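Each reported figure results from applying straightforward, stated rules to the coordinates on display, with no laboratory input. Keep in mind it's a predicted model, so treat the numbers as computed, not measured. Cβ: placed from backbone, ideal geometry, glycine included. Neighbour counts: every protein chain shown.
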Amino acid sequence: MGADLSVTFTGIRFENPFLLSSAPPTESDSNIMRAFDAGWGGVVTKTIGLHPVVNVKGPKTKFLRADCDSYRLSMKKRPSSALHSSWNWELISDKPLDWWIPKIAKIKAEHPGGVLIASIMAGSGNDKELHNWQKLAMACQEAGADGLELNFSCPHMDRVDMGSNVGKDKVLCSVVTKAVKEVATIPVWVKLTPSTTDIVIEAEAAFRGGADAISSSNTYPSLPLIDPETLEFEMNVDGYVSSGGLGGPAILPQSMAKMAQMTKAFPLKEFSGIGGISDFSHALNYILLGCGTVQVCTAAMLDHAIGPNVIRMLKHEMSEFIERNADKGWKSLEDFRGIRRDRVVSHSQIKRPEQLEYHGGYDDEAAEGYAVEG
Ligand SMILES: Cc1cc2nc3c(=O)[nH]c(=O)nc-3n(C[C@H](O)[C@H](O)[C@H](O)COP(=O)(O)O)c2cc1C
């Protein structure tokens, strides 16, 4: 494998642009060290917080599959089906900060070249909570983390000052980022929720607070499907469900749309693309839109929990891609990053049949005294 896959992102050098995102694949030191051995360029730890975490009784994640020869969608495992998505209602790490700190130090001591980004989350309702963000940030950076990712994106929080509820509030996005930046000596990434009307507003607020990069997307709010035989949700506890997060192949196009909005608005800023990546053709979408790194969760969960085959293929296919395009002078990711960003335009900028004009739904000038024909 000859091509240079390395990237420098927010000042951190990665051997390759492929990271495990904050999720079960990065929930323990043993997983993270296996991930580095398998070749991942970096990891974002499962989100670390200070508040008590108790997960639901029963499975936290399941996978929705589509039949190849019918319209059936179901979480039931069966042959001849293709992965549609993951669905989860898992909370952040149920391990306390005191558990994580020595683990981060140990991982960095044994894998000094492996990039470890610590994902953190606290409340944001008052000064004490803002101080909690600072406490988490300082503890992780002192333990040796290379960067921080602020979780403004967890979709399962009842608390109005936590998770995606922070990512839906531009003031909190800015205030929390600024509080962390006051104490951080390492790069600070902000993971935004896709669940807002115009993600550019929250991205702008995070950058105003000093964010070095934006990561997007977390999972999309959704429900498991109802089994037509039992009339029960395919995932439930005592018959009850709560909104959870959709990940995997189904969200790739949606997450790309969010990413394109941001990379177009901030072409000089740094972005880490997440959502639906299983192979390099998927990752390439985010890179062509302007991302400098990408992150993977669902595909890795389904491949020996940390994705050894996924990362092997990602590296192999990226290497082949660069070699295939050597005649264009491409030597590394920087040579093709963002080259399709400007192809995303407003609807009225798309060509119409020759003699017809379209003005984005606005009326053309009507003749005086007449209604516009429509
Ligand atoms: C079971 C599960 C747990 C997750 N936990 C976290 C978390 O603690 N923090 C976080 O920022 N994202 C979390 N995520 C979101 C993933 O990091 C990722 O953003 C999302 O799954 C989309 O990527 P994918 O399509 O590759 O799965 C979790 C996802 C899943 C499926």
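Any idea what Rg and Dmax come out to for the chain if you just take the C-alpha atoms, in Å?
Looking at the chain, its Cα Rg and Dmax stand at 21.8, 80 Å.
What net charge do the residues around Ala3 carry, taking every other residue with its C-beta under 9 Å from that of Ala3, with Lys and Arg at +1 and Asp and Glu at -1?
-2
Can you list residues from other chains, or at least 5 along the same chain, whose modelled amide H is less than 5 Å from the amide H of Leu192?
Here Ser215 satisfy the definition.
Tell me the label-point distance for the pair Asp94, Asn55, using the 7 Å Cα-to-Cβ offset, in nm and rounded to one decimal.
Rounded to a tenth, the inter-label distance reads 0.6 nm.
Within the set Lys103/Lys181; Lys264/Lys351; Lys76/Lys264; Lys77/Lys108, which residue pairs have Cα atoms separated by over 31 Å?
Listed pairs above 31 Å: Lys76/Lys264; Lys77/Lys108.
Would any residue of segment 270-296 have its amide N under 18 Å from a label point 7 Å out along Cα→Cβ of Arg13? List them or say none.
293
Mind checking segment 52-157 for chymotrypsin sites (Phe, Trp or Tyr not before Pro) that DSSP puts in a loop (not H, G, I, E or B) and that have at most 11 other Cβ atoms within 10 Å?
Passing sites in segment 52-157 are Tyr71.
Over all distinct alpha-carbon pairs, what is the Kirkwood Rh of segment 150-305 in angstrom?
After inverting the pairwise mean of 1/r, the radius is 16.3 Å.
Mind telling me which of Ser164, Ser243, Ser216 comes out most flexible in a GNM of the chain, alpha-carbon contacts under 10 Å?
Ser243
Using 0.36 nm per residue, how much length does the chain from Lys77 to Asp161 gain when fully extended, once their Cα-Cα distance is taken away?
Difference between extended and current length: 26.5 nm.
Sort out the exposed loop GluC sites (Glu not before Pro) in the chain (DSSP loop, at most 16 other Cβ within 10 Å) and tell me the longest stretch that has none.
Counting only loop sites that pass the neighbour cut-off, the longest clear stretch is 1-228.
Give the calculated FRET efficiency between His316 and Arg343 to the nearest 0.05, with a Förster radius of 30 Å applied to their Cβ-Cβ distance.
0.65
State the Cα centre-to-centre distance between segment 171-245 and segment 57-90 in whole Å.
Using only Cα atoms, the two centres lie 22 Å from each other.
Going by amide H atoms built from the backbone, whose H comes under 5 Å of the H on Glu149, apart from near neighbours?
Amide H neighbours of Glu149, under 5 Å, 5+ apart: Ala118, Ser119, Ile120, Trp189.
Would you kindly state how much longer the chain becomes between Leu356 and Ala109 on full extension, computed as 0.36 nm times their sequence separation minus their alpha carbon distance, in nm to one decimal?
82.4 nm
For the pair Ser70/Glu323, report the inter-label distance in nm, with labels modelled 7 Å from Cα in the Cβ direction.
Distance between label points: 4.4 nm.
When DSSP beta bridges are limited to those with both residues in the chain, what percentage is antiparallel, rounded to the nearest 5?
Percentage antiparallel, nearest 5: 40.
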